[in-house]
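To keep things clear, I will list the structure first and then write my remarks on it.
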Amino acid sequence: MRPLAFIRLLGVLACGLAAMACASEVPAERSSDPLATSLTPQFAPEYYVDQANKYFDTLDTSADPDNVPTYSDLVARWELPPWLWLTGYGRENMVITTDLAVALDPSTVPERDCRAFSVQPFARCYVTFEYQEGPCPIYEEFVFNDQGEITFIEAWSDRPEFLPMDGPSDPWAEGTDVQRLSTRVPGLGNETGRIDLDSEAMQRAAEGDLELADFVRRARDFWPTYLEAVEEAGPDYYARGCGWIE
């Protein structure tokens, strides 16, 4: 359904055309590694909802192509299985992989319920993508820095077995037992939300957090690990993630 060789080729071409994006990003200040939960909203709730909707516009072929969100230069997108883990790291790579997804699998996003919260992630959304094969419900969260830039995006299939929380009792993931990565990444809580993969705080946190350690591994070598994830997911990961097959 999704030719893996074509995806690999486009990944190689994208890496060649954006060599700077494929290389390691400039590290953030080593002395500032707080978590995202250290930050408080600096904009009105409507701003965060609008930014989330602009993000989904970039994945909606019926939307105005000029509607784009404000990304941090080190923005990351972490999509939980059956999706492909780290599917964007750095602003340029984010744009490339988003455009790649739309080119290979055109979609619209007609159903959206995005809301703002006073604690990180400041924007959280239930949306439904529409593909040729059918609908695909997704739950997605957005972390922001003090400048209003998106620094971290985290996404799950909106199906009980994949969600990070107990949906019926905690639909907006406000409980203390929610399993999200965004609030465990050192550095997302400094005012610019820029992480440093080599900071002491990151290394210490990754030692006891296998998911964070995997994020660091993938972020250090984005394109090879992205293409590795495509291979490992197999040709039916959309069908599994969207619920087209059980």
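What follows draws every value from the coordinates through simple rules; no lab data is involved. Everything numeric here is computed off the predicted structure, so don't read it as measured data. Cβ placement follows ideal geometry from the backbone for every residue including glycine, while neighbour counts extend to all protein chains displayed.
With the contact rule set at Cα under 8 Å and sequence spacing of 6 or more, what percent relative contact order holds for the chain?
Details: 466 pairs, mean separation 63.3, N = 246.
After rounding, I find 26 percent.
Would you mind telling me which residue in ASP64, ASP33, ASP99 has the biggest mean-square fluctuation in a Gaussian network model of the chain, where springs connect alpha carbons within a distance under 10 angstrom?
Comparing ASP64, ASP33, ASP99 in a Gaussian network model of the chain, the most mobile one is ASP64.
Calculated from DSSP H runs of 4 or more alone, at -39500 (n - 2.57) each and per residue, what is the 222 nm mean residue ellipticity of the chain, nearest 500? Don't skip to the end; give the middle numbers.
Numbers: 8 runs with 82 residues, N = 246.
That comes out to -10000 deg cm²/dmol.
Apply the a/c threshold of 1.5 to the C-alpha gyration tensor of the stretch 133-246 and tell me whether it is rounded, prolate or oblate.
Verdict is oblate for the stretch 133-246.
Find how much the distance from ASP170 to TYR126 grows on full extension, using 0.36 nm per residue of separation minus their present alpha carbon separation; answer in nm with one decimal.
Values: separation 44, 0.36 × 44 = 15.84 nm, distance 1.33 nm.
Using 0.36 nm per residue and subtracting the Cα-Cα distance, I get 14.5 nm.
Per q in 0.07, 0.11, 0.16 1/Å, what log10 I(q)/I(0) does a Debye calculation on the alpha-carbon atoms of the stretch 4-242 return?
Each listed q corresponds, in turn, to -0.20, -0.53, -1.23.
Hey, fewest Cβ within 10 Å first, where do ARG240, ARG159, ARG218, ARG77 land in order?
On the way: ARG240 18, ARG159 15, ARG218 21, ARG77 24.
Going from least to most buried by this count: ARG159, ARG240, ARG218, ARG77.
So, in Å, what gap is there between the alpha-carbon centers of the stretch 129-143 and the stretch 188-211?
Using only Cα atoms, the two centres lie 29 Å from each other.
Gain in length, GLN179 to LEU104, computed as 0.36 nm per residue apart minus the alpha-carbon separation, to one decimal in nm?
On the way: separation 75, 0.36 × 75 = 27.00 nm, distance 3.01 nm.
Full extension from GLN179 to LEU104 adds 24.0 nm.
What ranking do SER62, SER107 get, fewest neighbouring Cβ atoms within 10 angstrom at the top?
On the way: SER62 11, SER107 19.
Listing SER62, SER107 from fewest to most nearby Cβ atoms yields SER62, SER107.
Can you run phi through the Karplus equation (6.51, -1.76, 1.60; θ = phi - 60°) for the stretch 65-74 and list ³J(HN,Hα) in whole Hz, with x for Gly and Pro?
x, 7, 7, 10, x, 9, 8, 5, 5, 10
GNM on the chain, C-alpha springs below 10 Å: top fluctuator among GLY189, GLY175, GLY148?
It is GLY175.
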